[in-house]
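Some notes on the structure that comes next.
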Amino acid sequence: MKLKRFFSALVLSAAAAITPAHSAILSDIIFVVDESGSMGNVQTNLRNNIGLFASILTGTGQVNAQYGLVGYGDNSAVPRLVTDLTDPANFATAAQGLRTNGFIEPGYTATAFALNELDGQTDLFSFRSNAVKNIIILTDEPSNGDFASRGTSGGVAVSNSVLDQLLTDNNALYNGVLRGSTTINSFSSLITNHGGNVFDLNLFNSTDQAVVQQFVTDFANAKLQETLDFCQLNPTNPACQPSASVPEPSSLALIGLGLLGIFTRYRRRSMTA
């Protein structure tokens, strides 16, 4: 009877010490970058500051992020995968391949490409199945030239309304680092509808690195809060689910010591019997 009570107490103590372990929110972030001639300094600042952005976004341990890159608007005007989802260092290296020879900026089509949603698309991003999709477009031009020849989704050219539905289907966050009223008007409703904000491209285009770094700091903090807010609003999203309950180390030690004690007691009884 005493042994039974001891074992019951052991199980109850271990169960009380086992607590749910919440893993970081997984966020797969795709930067969609305009490759027209006016964007060269922005591209350089993105490449040089992705490490700062990542350190702030993930530094609290609440978010686990990886970063991909789309270039669009070069002389072929077709979106292209510059790098698949990766870490900040590899992203920075790949971003050296961005171009500045564009003259048509089909931003809607490029965003659909970032979501792997263009018909017949072969260059695909390796999104984690339980990650929040987070698209950030950087441009100083409204979306233009979104013709079927540059990519279709569901058999039609990617318009504002088509992209709105694609973002909804992917439960994706959408942000814009934009300059100019016509550019903002082109993207603002999409951004507002999908949990994001418009940020000032002029600050990110600065040659004053103190200004750029302050912008990146503010932007990363906003993205962190946005990701946390997303999970508050979407608690059933796979990215927002806690991991299975796992024993704390102290619980495992307690269980081990208890089982050792039971084994030793039985062994002594059998030896004296």
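Quick note: the coordinates plus some simple rules give every number you see, no bench work behind them. Just so it is clear, the structure is predicted and the values come from calculations on it, not from any experiment.
Normalised by the number of residues in region 142-204, the mean separation of alpha-carbon contacts (under 8 Å, six or more apart) gives a relative contact order of 33 percent. Spatially, region 78-141 and region 195-214 are offset by 20 Å when compared through their Cα centroids. Amide H contacts for residue 74 (H built 1.01 Å from N in the peptide plane; partners 5 or more residues away or on another chain; cut-off under 5 Å): 35.
Each Cα pair under 8 Å and six or more residues apart adds its separation to the average, and for region 25-239 the resulting relative contact order is 24 percent.
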